[in-house]
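A.B. asks: Pasting a structure below so you can have a look.
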Amino acid sequence: LNVVVVIVFLLGSDSLPTLGASEVSADGLVNEEVKRTVDLSTHLAKITAEIVLSNQGHSAVQSFMLAVEADLAPHLAYIGASVKGDEEEDGTLELQQTTIPGQSGQFYKVQLPSTLAAGAQLKAKVEMTFSHVLKPFPTQITQAERQLVVFQGNHYLYSPYPTRSQTTRVRLASKTVESYTKLGNPSKNDEIVEYGPFRDVAPFSEDTMKIHYENNTPFLTISSITRTIEVSHWGNIAVEETIDLRHTGAVLKGPFSRYDYQRQSDSGISSVKSFKTILPASAQDVYYRDEIGNISTSHLQVLDDSVEVEVRPRFPLFGGWKTHYMIGYNLPSYEYLYTLGDQYALKMRLVDHVYDDQVIDSLTVKIILPEGARNIHVDTPYRIDRMPNQLHYTYLDTFGRPVLVATKNNLVEHHIQDVVVHYNFNKILMLQEPLLVVGAFYILFFTVIIYVRLDFAITKDPAAEVRMKVASITEQVLTLVNKRLGLYRHMDEVVNRYKQSRDTGALNSGRKTLEADHRTLTNEISSLQARLKAEGSDLADKVGEVQKLDGQVKELVCRSCQEAERLVAGKVKKEAYIESEKTLTSKRQELVSRIDSLLDAL
Amino acid sequence: MAEHHPVSDSKHKSSLNSGASYSGNGRSSTAVAERGSNAGAGGGGLSGGLSQPAGWQSLLSFTILFLAWLAGFSSRLFAVIRFESIIHEFDPWFNYRSTHHLTTNGFYEFLNWFDERAWYPLGRIVGGTVYPGLMVTAGLIHYVLNLLHITVHIRDVCVFLAPVFSGLTSISTFLLTKELWNQGAGLLAACFIAIVPGYISRSVAGSFDNEGIAIFALQFTYYLWVKSVKTGSVFWTIGCCLSYFYMVSAWGGYVFIINLIPLHVFVLLLMQRFSRRVYIAYSTFYIIGLVLSMQIPFVGFQPIRTSEHMAAAGVFVLLQVYAFLQYLKDRLTRQEFQTLFFLGVSVAAGVVFLSVIYLTYTGCYAKIHIPIIASVSEHQPTTWVSFFFDLHILVCTFPAGLWFCIKNINDERVFVALYAISAVYFAGVMVRLMLTLTPVVCMLSAVAFSSVFEHYLGDDMKRQSPPAEDSSDEDDRKNAGNLYDKAGKVRKHVSEQEKAEEGLGPNIKSIVTMLMLMLLMMFAVHCTWVTSNAYSSPSVVLASYNHDGSRNILDDFREAYYWLRQNTDEHARVMSWWDYGYQIAGMANRTTLVDNNTWNNSHIALVGKAMSSNETAAYEIMRSLDVDYVLIIFGGVIGYSGDDINKFLWMVRIAEGEHPRDIRESDYFTPQGEFRVDKAGSPTLLNCLMYKMSYYRFGEMQLDFRTPPGFDRTRNAEIGNKDIKLKHLEEAFTSEHWLVRIYKVKKLENRDRVEHKLRSTDATKQKYTTKKVSWDFKHWTV
């Protein structure tokens, strides 16, 4: 094999010795038959080529080369090749970028699954997607006008090998075509223009194909997207995408009339009103907002295998207009996080669906792993630029969560693939957060306890202390006086009962208990009174007065008791008893109310 | 003088006791609050027992306050639950924007912030023209939370600041009422203020405005003031000064404090209630408060310069003189002369004081006649309806509370009486000042309710308690701290037995209690209803309801503002009426000409003039002001009544105030003196810029089949000028429901278009012109 493959990048291709094209094709590969399809029905150019490759050299080949035109190469978002076997099994092949000296463009070396023997044939399918190659022309249109775009490409397959026969079929977005190149008298049928067949095309032949046609499909471009994946070991993965969206079609010229937009169906036909974003089926708590709040014009639909968000920007996007929003949701971690002992593996999409045929100019992915994740290792599906890791602090973090940051430019739908992040995590660390909360509460309560229990006053206020002492003594006095009054009432009942039952014994015992209780209570009150005096409070006098009055009350009670005895003994008449009882009661009432007023003053 | 302090102290204590004995008349003060939970734990906070009931009591008041906080917080969340966590209205957007600036750029950067996005081309020195308390508070909370790694967005801090502070307000109201009356009334007042609509109107979640924290600062300052008057301790007074400082930093309403406190002192002097405590409290407060208040850049030297603050200075001087005289009185014997002298001084001081107040408020009154101030809806006089709407039953009961306070007057009740009277006056002048009335109404109503419940619920207790008292001593032992009240009960039992036995008493009492409870319940229902219906609309987002009850969200404001933010040049200048200035700055992040900080009347008048002139004249003004876009609000499609056409007469009036030669209000009326947008409307109106922008292409629009095209739903009229052509403007954006319309001001044409036909060098044309000239010549010679 004498294919000169310079493993590139370090050396400029100009400085390399020029090698002829003949040498490149020296491995004897020939494109036997090529069917190209150029799909221009969206704002992307998707070129697929089915190539029958035959080895007409003398030795078997291990790989073959793919080429992209120099004009288109900067816009190449995705390139992939697969071998079409007989059993309809597509084997995706590995590509490696290389250069061919002396030739402009980008080149890829495709490793074949098995060697292609001399004289053998192989069916390969090559897919390329280009972004931003459909140029609006005119570049500015009014609201009523339709959007016309120009595509400039190649009539032929750009290949390092000679081509025996090829056809090119171009699919457009609409029937309206302003102009198209007429190489080889192409046939046009509705949205399809067919070129060819062209015979015996030399290697690296280029012939500009130019098509100017109407294309009103949404020319949406995500100028930048930041996708943040935050993994929590408590069962949740939070995903948030911050998206800058721009309509990259023909720029709106002149006024935007809401009236026309509402009344005429074809007004602003190239503008974008809404689009659908497909989220994973288990997405929950979806939010769609921007800097000034929730965007209320969206709808969410939960399907069996996905969650569909109808994302409607706040305003319709006309050419040149842009918007910015965030969309976020939660996922259960059991679907994406795999674990074996201390080893964890997170398998998530590096970039997810935003809208059909999406174009992402610049992607930043941030994966926030739990605090304490170590030995982080990332498997990406395609090459992606890693940035230095960052630290992220959120709820209850102490030393920060590791954040993996990666960026990539120019992505399309083909890049929706899984990334796998392996890391180690000590499960003991899960306890850290609850313990932190427990500790915080412990400290809080402990402080309160300390504060309440201990006296932090820097001065002593003797007056206040005395006042408090007096207050507590007064309270005790009040209790006792009340009890004493209760005793009298109790005695009344005893007397009443006696009047009915005429049981002198009961009366006497009642009287005795009254006497005894009364004495103890009075003594207690006197001792309290003495204490009050000791504290220097003038309340002592009042208590003394209460005592005096109480003595009178007690006398009255005793008298009523005696009266009752006499009544029962028949010594007084009933009327006289009632009379005397009345005077006694009123006297008592008077005394009690005086005691009350004194107590109130305490 | 040395003797004076203890004497006054005991007097003070006795005044306290009078309050306490009053509460002792019936059940304990906390009766309402703790009904059914612990019959024993009453007694007011004054008995100060360290025994168990005190523990119960503090637990209970803690629980009630916590629940009041919770209730207050959650009843403010209607807007968040119905819509989202969003900043409301107009001013809050500015506060949010400056808080955002504070958190992103730091405190000093905030103080030095020159906002070139406002008042184009003048700009605004934000740090020096704003009360920074609100932003600093929110910024501080955000900073602390982020320090603890609680990653809360500053917007959420701002949205929930006012509800959180409402809880602090209810606690400080509790403290103040407790000082004035007793703990029970305090708890009631805390519950009232937590849910009363008059306060909720300014403190719902999302209403990120000065008032939200200022009412807390106001109440807390008053609490500390009452406390310092009661104790005469410098400690409390310093606390009061710090709280006053916070209030000054938060709201212009601090002027209310700096006038009310001197008034209180002055009235105390008049009432012969001067004491050393008052002297210490006021002297300290005035000096330290003055120095602190001057630290706020926006206030600066105003406290020693403007008439609003002169009353405080006057009272300070008066107090010194009075104290000096008191001192002399001890030394001199000529009593009569002394009294005369005192009378003379006090009368003179009173005259000075009253004239200062008079000047101040006539000043305010003059301000009201400037159209721009009068044009603000919240500066309108308060109607009776809104008193009832905002305060409900409290407005009826608070005079009763005031009466109770005056009946049992003491130093701090003088204060609350003055507070009530002045607040009622101010609330009557301006709707906005209803806010200062609300706390005092809550406090006094709580006093009234608390007294009533003490009276009537006490008897309820009596009916149940006597057997317990007679039979069981352990009950007494359990409630050892509480016998003070029980004594009262026993007395009633014994001495009023006859009355009670008549049987009518308890019934009436229970009926009254039930009625009161019904009133309170209705109050709670009313509060919730008002909050939910009147005060919980963010006004940035509108909602309409369909026949089937489903809800449509009209998000036009944010749609248009976001369009401006995303799709115009970063330095584009947007002209709109001043109402929308803060929103444009906050949501669209674009330069505005005028905004809600209406400090420059002539600039606003210029915008008003542009809006009310015809397109050519307006173009001149807009060119001179470098306007790129014009934003207007138009409600004709959905029937939104707060749109610019309805505000238009104010624009005309304000413009007329500054440019009376160009704009005359009468031109915009029909000869009959009506303001109409239909065919009968005045031609000046039908051709002015505002009209043209509002109705541009609206004449073609037929909203439904019953009405002709161009039917304005807000004003219920078919517009008079349907064929509107714009020459210098072009429609740049109109929101989905036409609520916001944005026009782009066209740049000058590259080359002036000439009205007449261009001179042509073509030979045949040459002939024609010569002919014409000859004809002209002929014509001229004839």
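The values are calculated or read from the model by the stated rules, or taken from the named source; none is laboratory data. Please read these numbers as outputs of a predicted model, since none were measured by experiment. Note: ideal-geometry Cβ built from the backbone for every residue, glycine included; neighbour counts use all protein chains shown.
A.B. asks: Against the definition (within 14 Å of another protein chain (Cβ to nearest Cβ) and buried (at least 18 other Cβ atoms within 10 Å of the Cβ)), how does A:PRO186 come out, yes or no? If you could, list the steps in order and put the result at the bottom.
C.D. replies: On the way: within 14 Å of another protein chain (Cβ to nearest Cβ): no; buried (at least 18 other Cβ atoms within 10 Å of the Cβ): yes.
Criteria not met by A:PRO186.
A.B. asks: Considering only the range A:255-287, state which residues are among the aromatic types (Phe, Trp, Tyr), within 13 Å of chain B (Cβ to nearest Cβ) and in contact (Cβ under 8 Å) with a residue 40 or more places away in the chain.
C.D. replies: Pass one, the range A:255-287, residues among the aromatic types (Phe, Trp, Tyr): A:256, A:259, A:261, A:275, A:287.
Checking which are within 13 Å of chain B (Cβ to nearest Cβ) leaves us with A:256, A:259, A:261, A:287.
Residues satisfying the conditions are A:PHE256, A:TYR261, A:TYR287.
A.B. asks: Continuing with the same structure: Please enumerate the residues belonging to the range B:667-688 that are surrounded by 23 or more Cβ atoms within 10 Å (Cβ to Cβ) and out of contact with any strand residue (DSSP E or B) (no Cβ under 7 Å at 6 or more places or on another chain).
C.D. replies: B:TYR668, B:LEU685
A.B. asks: Say we look at the range A:44-99 and pick out the residues that are part of a strand (DSSP E or B), among the charged types (D, E, K, R) and more than 14 Å from A:SER159 (Cβ to Cβ); which of these is modelled with the highest pLDDT? Explain how you work it out, then say what you get.
C.D. replies: At the first step, the residues of the range A:44-99 found to be part of a strand (DSSP E or B) are A:45-55, A:61-68, A:76-84, A:90-92, A:94-99.
Imposing the further condition that a residue be among the charged types (D, E, K, R) reduces the set to A:46, A:50, A:84, A:90, A:94.
Among the residues that remain, those that are also more than 14 Å from A:SER159 (Cβ to Cβ) are: A:46, A:84, A:90, A:94.
Numbers: A:LYS46: 91, A:LYS84: 76, A:ASP90: 60, A:GLU94: 80.
Restricting to residues being part of a strand (DSSP E or B), among the charged types (D, E, K, R) and more than 14 Å from A:SER159 (Cβ to Cβ), the top hit is A:LYS46.
A.B. asks: Additional query: If you go through the range B:61-101 one residue at a time, how many are farther than 18 Å from B:ILE154 by Cβ and part of a helix (DSSP H, G or I)?
C.D. replies: 19
A.B. asks: Take the range B:671-703 and flag every residue that is of a type outside the set (Val, Ile, Thr), in a loop (DSSP other than H, G, I, E, B) and either away from every other protein chain (no Cβ under 14 Å) or farther than 18 Å from B:PHE634 by Cα (or both).
C.D. replies: Correct list: B:PRO671, B:GLN672, B:GLY673, B:GLU674, B:PHE675, B:ARG676, B:ASP678, B:LYS679, B:ALA680, B:GLY681, B:SER682, B:ASN687.
A.B. asks: Does the range A:117-132 contain at least one residue that is assigned to a loop (DSSP other than H, G, I, E, B) and within 21 Å of A:GLN358 (Cα to Cα)? Let's see the steps before the verdict.
C.D. replies: Of the residues in the range A:117-132, the ones assigned to a loop (DSSP other than H, G, I, E, B) are A:117-120, A:131-132.
When the remaining residues are screened for being within 21 Å of A:GLN358 (Cα to Cα), the result is A:131-132.
Among the residues of the range A:117-132, at least one is assigned to a loop (DSSP other than H, G, I, E, B) and within 21 Å of A:GLN358 (Cα to Cα), which makes the answer yes.
A.B. asks: Sticking with this structure for a sec: Out of all the residues in the range A:140-176, which are in contact with a Lys or Arg (Cβ under 7 Å, 6 or more places away or on another chain) and either aliphatic (A, V, I, L, M) or part of a loop (DSSP other than H, G, I, E, B) (or both)?
C.D. replies: Hits for the range A:140-176 are A:ILE141, A:THR142, A:VAL149, A:VAL150, A:LEU157.
A.B. asks: Based on this model, can you work out whether A:ASP418 counts as of a type outside the set (Gly, Ala, Ser), more than 9 Å from every other protein chain (Cβ to nearest Cβ) and farther than 30 Å from A:GLY400 by Cα?
C.D. replies: Working: of a type outside the set (Gly, Ala, Ser): yes; more than 9 Å from every other protein chain (Cβ to nearest Cβ): yes; farther than 30 Å from A:GLY400 by Cα: no.
Answer is no for this residue.
A.B. asks: Quick one: B:PHE274 ticks every box in (1) assigned to a helix (DSSP H, G or I); (2) closer than 20 Å to B:VAL352 by Cα bar one, so which box is it?
C.D. replies: B:PHE274 satisfies every listed condition except (1).
Okay, residues lined up against (1) closer than 30 Å to A:LEU350 by Cβ; (2) surrounded by 14 or more Cβ atoms within 10 Å (Cβ to Cβ); (3) away from every other protein chain (no Cβ under 14 Å):
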| position | (1), (2), (3) |
| --- | --- |
| A:HIS422 | yes, yes, yes |
| A:ASN426 | yes, no, yes |
| A:GLU433 | yes, yes, no |
| A:ALA463 | no, no, no |
| A:LYS469 | no, yes, no |
| A:SER472 | no, yes, no |
| A:LEU478 | no, yes, no |
| A:MET491 | no, yes, no |
| A:GLN500 | no, no, yes |
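A.B. asks: Restricting to the range B:391-446, count the residues that are over 17 Å from the mean Cα position of the chain (by Cα), of a type in the set (S, T, N, Q) and within 20 Å of B:VAL265 (Cα to Cα).
C.D. replies: Number satisfying all stated conditions: 2.
A.B. asks: More than 14 Å from every other protein chain (Cβ to nearest Cβ), closer than 17 Å to B:ILE633 by Cα and assigned to a helix (DSSP H, G or I): is that true of B:ASP579 in this structure? First the steps, then the outcome.
C.D. replies: Details: more than 14 Å from every other protein chain (Cβ to nearest Cβ): yes; closer than 17 Å to B:ILE633 by Cα: yes; assigned to a helix (DSSP H, G or I): yes.
So B:ASP579 passes the test.
A.B. asks: Test of understanding: among B:THR568, B:THR598, which residue is surrounded by fewer than 24 Cβ atoms within 10 Å (Cβ to Cβ) and within 25 Å of the chain's Cα centre (by Cα)? Lay out the reasoning, then the answer.
C.D. replies: Details: B:THR568 fails: within 25 Å of the chain's Cα centre (by Cα).
It is B:THR598.
A.B. asks: Assess whether A:ASP550 counts as being of a type in the set (Asp, Glu), surrounded by fewer than 17 Cβ atoms within 10 Å (Cβ to Cβ) and closer than 30 Å to A:ALA471 by Cβ.
C.D. replies: Numbers: of a type in the set (Asp, Glu): yes; surrounded by fewer than 17 Cβ atoms within 10 Å (Cβ to Cβ): no; closer than 30 Å to A:ALA471 by Cβ: yes.
Spelling it out, it is not the case that A:ASP550 is of a type in the set (Asp, Glu), surrounded by fewer than 17 Cβ atoms within 10 Å (Cβ to Cβ) and closer than 30 Å to A:ALA471 by Cβ.
A.B. asks: Also: Every residue in the range B:525-544 that is buried (at least 21 other Cβ atoms within 10 Å of the Cβ), within 14 Å of another protein chain (Cβ to nearest Cβ) and not hydrophobic (A, V, I, L, M, F, W, C), please.
C.D. replies: Correct list: B:PRO538 only.
A.B. asks: A:PRO101 is checked against (1) over 47 Å from the mean Cα position of the chain (by Cα); (2) under 19 Å from A:ASP207 (Cα atoms) and fails just one. What number does that condition carry?
C.D. replies: The number of the failed condition is (2).
A.B. asks: Would you say B:ILE621 is without any contact (Cβ under 8 Å) to a residue 40 or more places away in the chain, among the β-branched types (Val, Ile, Thr) and more than 14 Å from chain A (Cβ to nearest Cβ)?
C.D. replies: Values: without any contact (Cβ under 8 Å) to a residue 40 or more places away in the chain: yes; among the β-branched types (Val, Ile, Thr): yes; more than 14 Å from chain A (Cβ to nearest Cβ): yes.
Yes; evaluated as a whole, the condition is true for this residue.
A.B. asks: If we scan the range B:515-524, do we find a residue that is touching a His at 6+ places or on another chain (Cβ under 8 Å), surrounded by 15 or more Cβ atoms within 10 Å (Cβ to Cβ) and either more than 14 Å from chain A (Cβ to nearest Cβ) or over 25 Å from B:LEU188 (Cα atoms) (or both)? I'd like the intermediate steps shown before the answer.
C.D. replies: Initially, the range B:515-524 is screened for residues touching a His at 6+ places or on another chain (Cβ under 8 Å), giving B:522-523.
Cutting the leftovers down to surrounded by 15 or more Cβ atoms within 10 Å (Cβ to Cβ) gives us B:523.
Narrowing the set further to residues that are either more than 14 Å from chain A (Cβ to nearest Cβ) or over 25 Å from B:LEU188 (Cα atoms) (or both) leaves B:523.
Yes, that holds for at least one residue.
A.B. asks: Between a residue in the range A:545-567 that is of a type in the set (S, T, N, Q) and any residue that is assigned to a helix (DSSP H, G or I), which pairs come within a Cβ distance under 6 Å, given they are 6 or more apart or on different chains?
C.D. replies: Qualifying pairs under 6 Å: A:GLN552/A:LEU591; A:SER560/A:LEU584.
A.B. asks: Here are A:ASP379, A:ASP357: which of them is charged (D, E, K, R), touching a residue at least 12 places away in the same chain (Cβ under 8 Å), on the phi > 0 side of the Ramachandran plot and away from chain B (no Cβ under 14 Å)? Give the derivation first.
C.D. replies: On the way: A:ASP379 fails: on the phi > 0 side of the Ramachandran plot.
Exactly one residue qualifies, and that residue is A:ASP357.
A.B. asks: Mind checking which residues of the range A:248-301 are of a type in the set (Ser, Thr, Tyr) and closer than 29 Å to A:ASP352 by Cβ? Quick ask: steps written out before the conclusion?
C.D. replies: Taking the range A:248-301 and keeping what is of a type in the set (Ser, Thr, Tyr), we get A:248, A:257, A:259, A:261, A:265, A:267, A:270-271, A:274, A:277, A:282, A:287-288, A:296-298.
Scanning the range A:248-301 gives A:THR248, A:SER270, A:SER271, A:SER274, A:THR277, A:SER282, A:TYR287, A:TYR288, A:SER296, A:THR297, A:SER298.
A.B. asks: Something else about it: List every residue pair whose Cβ atoms lie under 6 Å apart, where the two residues are 6 or more positions apart in sequence or sit on different chains, the first residue falls within the range A:576-602 and is at the interface with another protein chain (Cβ under 8 Å from one of its Cβ atoms), and the second residue, located anywhere, is in a helix (DSSP H, G or I) and among the charged types (D, E, K, R).
C.D. replies: If the second residue must be in a helix (DSSP H, G or I) and among the charged types (D, E, K, R), the pairs left are A:ASP596/B:ARG491.
A.B. asks: Sticking with this structure for a sec: Name the residue, out of A:LYS499, A:LYS512, A:LYS483, that is in a helix (DSSP H, G or I), over 60 Å from the mean Cα position of the chain (by Cα) and at pLDDT below 80.
C.D. replies: Values: A:LYS512 fails: at pLDDT below 80; A:LYS483 fails: at pLDDT below 80.
When all the criteria are applied, what remains is A:LYS499.
A.B. asks: Every residue in the range A:447-460 that is away from every other protein chain (no Cβ under 11 Å) and at pLDDT below 80, please.
C.D. replies: In the first step, residues of the range A:447-460 are kept if they are away from every other protein chain (no Cβ under 11 Å); the result is A:447-451, A:453-457, A:460.
Result: A:ASP455, A:PHE456, A:ALA457, A:LYS460.
A.B. asks: I've got another one for you. Restricting the range A:312-332 to residues that are more than 10 Å from chain B (Cβ to nearest Cβ) and under 24 Å from the mean Cα position of the chain (by Cα), which is surrounded by the fewest Cβ atoms within 10 Å (Cβ to Cβ)? Break it down stepwise before answering.
C.D. replies: Narrowing the range A:312-332 to residues more than 10 Å from chain B (Cβ to nearest Cβ): A:312, A:319, A:326-332.
Then drop every residue that is not under 24 Å from the mean Cα position of the chain (by Cα), which leaves A:312, A:326-332.
Details: A:ARG312: 17, A:MET326: 16, A:ILE327: 22, A:GLY328: 18, A:TYR329: 21, A:ASN330: 19, A:LEU331: 23, A:PRO332: 14.
It comes out as A:PRO332.
A.B. asks: Among the residues of the range A:291-308, are any out of contact with any strand residue (DSSP E or B) (no Cβ under 9 Å at 6 or more places or on another chain), closer than 29 Å to B:HIS737 by Cα and not hydrophobic (A, V, I, L, M, F, W, C)?
C.D. replies: yes
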